[in-house]
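This report refers to the structure that appears directly beneath it.
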Amino acid sequence: MEIPSKYDPATTEDKWYAYWMEHKLFKSVPDNRIPFTIVIPPPNVTGVLHMGHMLNNTIQDLLVRRARMQGFNALWVPGTDHASIATEAKVVQKLRKEGIKKSDLSRDEFLKHAWEWTHKHGGIILEQLKKLGASCDWDRTRFTMDEKYYESVIDSFIDLHKKGKIYRGERMINWDPAALTALSDEEVIYKEVSSKLYYVKYKIVGSDDFVTIATTRPETILGDTAICVNPKDERYKHLHGKRAIVPLVNREVPIIADEYVEIEFGTGCLKVTPAHDMNDFLLGEKHQLEVINMMNDNGTISEAGKLYIGMDRFDCRKQITEDLDAAGHLAKTEELPNKVGYSERSDAVVEPRLSLQWWVSMKELSKPALDNVMNDNIRFFPPKFKNSYRNWMENVKDWCISRQLWWGHRIPAWYDGEGDFVVAKTEAEAIAAFSAKNKNYTAADIKQDPDVLDTWFSSWLWPISVFDGFYTKEEVDYYYPTNDLVTAPEIMFFWVARMIIAGYEYRNELPFRNVYYTGIVRDKQGRKMSKSLGNSPDPIELMAKFGADGVRVGMLLSSPAGNDLPFDESLCEQGRNFANKIWNAFRLVKGWEEKIDPALSQSPASKIAVEWMQSKFNSVLKQLNDDYEKFRISEALMNTYKLVWDDFCAWYLEMVKPPFGSAMDKETYHASVAIFENLLKVLHPFMPFLTEEIWSYLGEREPGKGSICVASWPEVSSINEELIADFTTFSEVIIGIRNVRKENNIPNKESVVLHINNSGKNSPNFDPAVQHLGNVSSINYVTDKVSGSFMFIVNQSEYFIPFTENVDVEGEKKKINEEIDYTRGFLKSVESKLNNEKFVNNAPAAVLEGERKKQNDALSKIKMLEEKLTSLN
RNA sequence: GGGAGCUUAGCUCAGCUGGUUCAGAGCAUCUGCCUUACAAGCAGAGGGUCACAGGUUCGAACCCUGUAGCUCCCACCA
């Protein structure tokens, strides 16, 4: 079998993904194994893959692949989200380009367009995930508007309504005047803008005096129903109980006092517009103020405003300012840096508005969700996010779930013409429900609520409804609770918290055991990668350039949980280089197969190398398992990287590599293959394609079942710590020899003799390896100095390499003197500690012992060096 | 305004119970090498006032207090 000298990701990756699909290696059905489940955070159905998805899904794939190898019944459920408002906005935009206005379409016509759009763009992102190597069970792909899923959303609405946890109420909400829909608090983005603060004079009734208020929104004076001052404010005490006249509209309003008003801000005097400001609304309730809704849902002035009717709110602001000025009511204007809420989807300035909406009552529902995160039944990685979670959950507000949109799950409520309504699953049931109230209606008498539910009201059921958990028990009982959730901290409240709530409400159990929060992928300048900035590389192109494995490794190299990832292509380059390194190591090992001489027995150097490498592997494997347990993914990768590159390639392979043209013994060959296979296994979650390719070359594999995807994760076996320590000494000796060679221009090709004064620690077991790697012709153990030679010290043993020719003795002396000086300084600091009575009395025995050892070691080292110095003369 | 977190090498980060391998890793940089697996490589080297200032302790990157800077979350002050 011809092995290519270069690894070609493009063809390899497509080949193996097709193979995995063909053999259904990611398929999962309940069986008697322990399940390991991850549900994908469903991307927007019409979205395309961005770098955030890449990071997020690489981590999920890594976790699920490792679990699969560990013998769990591993399942990763893929799917997409209908993303109500986001998708509807895209469809509206697309129709507008075609000259079609949403308002000209019926609901059904619009939904037809929306479904067309969904079918056209839906699932592109899932195809892209396959390029990444995502090991999802694609047969289980779910969409939040699938029939059964849709039904579960409706049923949970009905259920919560029955339990009194969903209610309909008129409240202040964030209104998007462009999309004409209510928004949840989370869908409002506050931006810093420079606005103007207008000082407006109101005449006081029964006096010639004026009171001046400060406002950023002068147009809302049309809805003013009070003036408010702080009761403690001495300047305005005389105004309590008086009345003022709203300019232009000439309405008389009371002057009230409330602590809410800040004395320091503006004039310390506030105009109150209960219909158009959250706080004013609360003030209005408290003081029983009249509520004047002076704005239409599209942001124009309503009839109730009396003036400027039909004018847009921002035009009105301009006009009213001029008119106030003309009438002598505008005292002054100031610049004011201010925060203004914008709709996340339409970017329109959000209008606080009084509106009749559906709500979920959150306080009680949230309790188990809060407790079970705080007590670590559900673990957050990193745990710092528990703080913001608690903060939010303890102050949780009712959730506005109705949206004035068409794309989504339609609210199962029916209204008659008299302001009465029932909640029911179907029209027939609604009619029946009305009959129970002695209202004998036909379908013509009632109308279903036109609104749909907030998109998160469907995705909060995701871990349950992907298994049709509301209707069949078998699957959900097996796979639920899921194991790990990997998501962005931005949607902790939108989604994570609510899934936990739904989990306890409907399963009386947590939805997942661990939540891993990824960071944000940023560019080199620290900006978030986004389509609009155009600073995001195309993941598909990246994978074409560096290979999917290279990109996966690049993404994970520097992304501890919760940390932002400053992405740079050079990371992927490092990933690609790593893949190349592994490929070349493979070529070397595989090449030995035909060099095997059955008669050749294993050399002692190879024997010790194999033993050491096995121990080293196990010791790192133990560390890896611990890293995974703690979700220290980057650490796990780096430990794997060093194990493969440094321990295996740089040391092991060099130790067992036969000289050019020489034969290979079969023991070493087979041991090397076995070690390589174990390395491939721990590499596989990071680099699925490359490892499968090499795996297929390294042994006879049964089709399908022989895939590395289902190979078993190695068990930690015996670790010979002493051997590992001896190896460290060995490697330092080799480095010592290399240094002597380098500093004295002794070429590697020229063999040297090594004398060892073994007064300290040195393992003769490694001597053959020293000879092999250091090109040492012979090793002699001595009991004294060897004059006329270079010396270095490792672990208290002296190593001598006799001078060859033309050696710089003075230079050598100088180096030794420098080392003596350094060691004396070190000794001094150790002794100052040991001479400190308090230290000797207080420090634990082990520490004290350590310091004494340091002292002795330093003393003997100085002695050795001094002797060496005299021997040079 | 309320809350949380961060500051360690040029960059990205480890450093777990205050002491042992406490100043580390990878990348980048520099110096040699195209040495029969690999120049996408090999062999070496340099690089730090652990943000700053105090304190506790025999001993502090680590604990305490203060200062400065950065980040995030919540609230939304007209």
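The values are calculated or read from the model by the stated rules, or taken from the named source; none is laboratory data. The structure displayed is predicted, hence computed values, not measured ones. We place every Cβ from the backbone using ideal geometry, glycine too, and count neighbours over all the protein chains shown. What goes into the accessible areas is simple: the full protein's heavy atoms, side chains included, and nothing from ligands, DNA or RNA. Shrake-Rupley method; radii C 1.70, N 1.55, O 1.52, S 1.80 Å.
Using a Cα-Cα cut-off of under 24 Å, which lysines could be cross-linked to A:Lys15, ignoring same-chain neighbours fewer than 8 residues away?
Leaving aside lysines fewer than 8 places away in the same chain, those within reach of A:Lys15 are A:Lys6, A:Lys24, A:Lys27, A:Lys130, A:Lys131, A:Lys545, A:Lys581, A:Lys590, A:Lys681, A:Lys705.
Ignoring ligands, DNA and RNA, what accessible area per residue does the stretch A:225-291 give at 1.4 Å, in Å²? Could you put the intermediate results ahead of the total?
Values: 3330 Å² over 67 residues.
I get 50 Å² per residue for the stretch A:225-291.
Considering only DSSP states other than H, G, I, E and B, which GluC sites (Glu not before Pro) in the stretch A:479-551 qualify as loop sites with at most 13 other Cβ atoms within 10 Å?
On the way: sites: A:Glu490, A:Glu505, A:Glu509, A:Glu541; in loops: A:Glu509.
Here the sparse-neighbourhood loop sites are A:Glu509.
Say R0 is 56 Å: what FRET efficiency, to the nearest 0.05, do A:Glu429 and A:Ile263 get from their beta-carbon distance?
Numbers: r = 57 Å, r/R0 = 1.02.
E between A:Glu429 and A:Ile263, to the nearest 0.05, is 0.45.
Pairs of alpha-carbon atoms within less than 8 angstrom and 6+ residues apart define the contacts here; what relative contact order does the stretch A:747-798 have, in percent? Before the final figure, lay out each step's value.
On the way: 63 pairs, mean separation 26.5, N = 52.
With pairs under 8 Å counted, the relative contact order is 51 percent.
Write down the accessible area per residue of the stretch A:715-809 in Å², having rolled a 1.4 Å probe over the full set of protein chains. It would help to have the intermediate numbers written out before the result.
Values: 4830 Å² over 95 residues.
Value for the stretch A:715-809: 51 Å² per residue.
Give me the percent of DSSP beta bridges within the stretch A:477-607 that run antiparallel, rounded to the nearest 5. Walk me through the numbers before you get to the answer.
Values: 1 of 8 bridges.
Counting DSSP beta bridges with both partners in the stretch A:477-607, the antiparallel share is about 10 percent.
Roughly speaking, to the nearest percent, how much of chain A's 1.4 Å accessible area is carbon and sulfur? Mind showing how you got there, number by number?
Values: 19420 of 39160 Å².
After summing per-atom areas, the C and S share lands at 50 percent.
Considering only DSSP beta bridges with both partners in chain A, what is the antiparallel share in %, to the nearest 5? Working shown, then result.
Values: 65 of 93 bridges.
Beta bridges within chain A, antiparallel portion: roughly 70 percent.
Taking N as the number of residues in chain A, what is its Cα Rg relative to 2.2 N^0.38 Å? Show your work: numbers first, answer last.
Details: Rg = 37.2 Å, N = 873, 2.2 N^0.38 = 28.8 Å.
So chain A has a normalised radius of gyration of 1.29.
List the lysines whose alpha-carbon lies under 24 Å from that of A:Lys196, not counting same-chain residues fewer than 8 positions away?
A:Lys271, A:Lys318, A:Lys332, A:Lys339
Could you give the length gained on full extension between A:Arg824 and A:Lys232, defined as 0.36 nm per residue of separation minus the Cα-Cα distance, in nm? Walk me through the intermediate numbers first.
Values: separation 592, 0.36 × 592 = 213.12 nm, distance 7.41 nm.
Answer, rounded to one decimal: 205.7 nm.
Once the cut-off is 28 Å, how many percent of the Cα-Cα pairs in the stretch A:196-352 end up in the long-distance tail?
Tail of P(r) above 28 Å: 15 percent of Cα pairs.
How many nm is it between the label spots at A:Asp139 and A:Arg107, if each spot is 7 Å from the Cα in line with the beta carbon?
Result for the modelled spin labels: 3.7 nm.
Once you list every other residue whose beta carbon is under 15 Å from the beta carbon of A:Arg498, what net charge do they have if Lys and Arg are +1 and Asp and Glu are -1? The partial results should precede the final answer.
Working: positive: A:Lys165, A:Lys363, A:Lys367, A:Lys397, A:Arg507; negative: A:Asp81, A:Asp185, A:Glu186, A:Glu187, A:Glu364, A:Asp398, A:Asp454, A:Glu490, A:Glu505.
Within the 15 Å Cβ shell, the charges total -4.
At a Förster radius of 25 Å, what calculated FRET efficiency corresponds to the Cβ-Cβ distance of A:His240 and A:Leu282, to the nearest 0.05?
Values: r = 20 Å, r/R0 = 0.80.
Efficiency, from the Cβ-Cβ distance: 0.80.
Work out how much length A:His23 to A:Glu743 would gain on full extension: take 0.36 nm times their residue separation and subtract the Cα-Cα distance, in nm to one decimal.
Numbers: separation 720, 0.36 × 720 = 259.20 nm, distance 5.78 nm.
253.4 nm is the gain from fully extending A:His23 to A:Glu743.
By average Cβ neighbour count within 10 Å, what is the ranking of A:729-737, A:622-630 from highest down? Could the numbers behind the result be given before it?
Values: A:729-737: 19.7, A:622-630: 15.9.
So the order, starting with the most tightly packed, is A:729-737, A:622-630.
Sorted by mean Cβ packing within 10 Å, highest first, what order do the peptides A:245-258, A:319-332 take? The partial results should precede the final answer.
On the way: A:245-258: 17.7, A:319-332: 15.7.
Highest to lowest by the protection proxy: A:245-258, A:319-332.
Would you kindly compute the Cα radius of gyration of the stretch A:505-611 and its largest Cα-Cα separation (Dmax), both in Å?
22.2, 70
Arranged from highest to lowest average of other beta-carbon atoms within 10 Å per residue, in what order do the peptides A:659-671, A:47-59, A:347-359 appear? Walk me through the intermediate numbers first.
Numbers: A:659-671: 15.2, A:47-59: 22.3, A:347-359: 18.4.
Put in order of decreasing packing, that is A:47-59, A:347-359, A:659-671.
Taking the Cβ of A:His670 as the center, what net charge do the other residues with Cβ under 11 Å away carry, scoring Lys and Arg +1 and Asp and Glu -1?
Details: positive: A:Lys666; negative: A:Glu593, A:Asp665, A:Glu667, A:Glu677.
Charge balance in the 11 Å sphere: -3.
How big is D, in µm² s⁻¹, for the stretch A:309-448 by Stokes-Einstein at 37 °C and 0.692 mPa s if Rh is the Kirkwood radius over C-alpha pairs?
Working: Rh = 20.9 Å.
D, rounded to a whole number, is 157 µm²/s.
Could you calculate the contour length gain from A:Gln525 to A:Ile34, that is, 0.36 nm times the residue separation minus the distance between their Cα atoms, to one decimal place in nm? Could the numbers behind the result be given before it?
On the way: separation 491, 0.36 × 491 = 176.76 nm, distance 4.50 nm.
Once the chain is fully extended between A:Gln525 and A:Ile34, it gains 172.3 nm.
Over all alpha-carbon pairs of the stretch A:303-383, lay out the pair-distance distribution in 10 Å bins, whole %, shortest bin first.
Final binned percentages: 11, 22, 25, 18, 12, 11, 1.
Spin-label point model (7 Å from Cα, Cβ direction): what's the A:Asn842 to A:Ile540 distance in nm?
Taking the simple label geometry, A:Asn842 and A:Ile540 are separated by 6.6 nm.
Could you tally the net charge around A:Gly706, taking each other residue with its Cβ under 14 Å from the Cβ of A:Gly706, Lys/Arg +1 and Asp/Glu -1?
Working: positive: A:Lys681, A:Arg701, A:Lys705; negative: A:Glu22, A:Glu677, A:Glu692, A:Glu693, A:Glu700, A:Glu702.
Net charge around A:Gly706: -3.
Anything over 25 Å Cα to Cα? Flag those among A:Lys785/A:Lys854; A:Lys165/A:Lys425; A:Lys120/A:Lys528; A:Lys203/A:Lys237, in the order listed. Don't skip to the end; give the middle numbers.
Working: A:Lys785/A:Lys854 23 Å; A:Lys165/A:Lys425 17 Å; A:Lys120/A:Lys528 29 Å; A:Lys203/A:Lys237 16 Å.
Table pairs above 25 Å Cα-Cα are A:Lys120/A:Lys528.
Per residue, how much accessible area does the stretch A:45-196 show when a 1.4 Å probe rolls over the protein heavy atoms, in square angstrom?
Details: 6090 Å² over 152 residues.
So the stretch A:45-196 comes to 40 Å² accessible per residue, rounded to a whole number.
Calculate, in whole percent, how much of the Cα-Cα pair population of the stretch A:449-515 lies beyond 18 Å. Don't skip to the answer; put the middle values down first.
Working: 783 of 2211 pairs.
Summing the P(r) tail past 18 Å for the stretch A:449-515 gives 35 percent.
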